[in-house]
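See below for the structure under consideration.
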Amino acid sequence: MKSITRSVAFFGLAVAALPVFAQSRHRIEVQVPFAFTAGQSELPAGTYVIDETATGILSISGAGRTGSILVGAIPTGDPKRLGAPGLTFERHDGRATLAYIWAGDTSGWSLTHR
């Protein structure tokens, strides 16, 4: 009977944590006026929706387009970044590469393409 009680208690804790976990995910929409690289993919200028699908995994999809790409990212933060969501790009050989994604609070992600 003790193991059944422990299992029920553990299940209750797991279920209680789900809404908090779901609320911690981020979704942002951004307009990028130039072509850029994200992970291993070349993307054209346009509007993009970026979703945190799991810790360290971001989905980038063109608004109104089918399909998306997944990129690995390292969660990061910057207390000075409080404000609107945004992206930070790096330029190498005239090409823009997505380096950071900012959620609009102080949290963000560093892309692991480096």
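Values quoted throughout were computed directly from the atomic coordinates according to the rules given, and no laboratory measurement underlies them. Predicted model only: the values in this text are computed from it and were never measured. Backbone-built Cβ (ideal geometry, glycine too); neighbour counts: all protein chains shown.
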Note on segment 63-114: alpha-carbon gyration tensor, axes a ≥ b ≥ c; rule is a/c under 1.5 for rounded, else prolate if a/b larger than b/c, else oblate; result oblate
Which of the trypsin sites (Lys or Arg not before Pro) found in segment 36-113 are loop residues per DSSP with 14 or fewer other Cβ atoms within 10 Å of their Cβ?
65
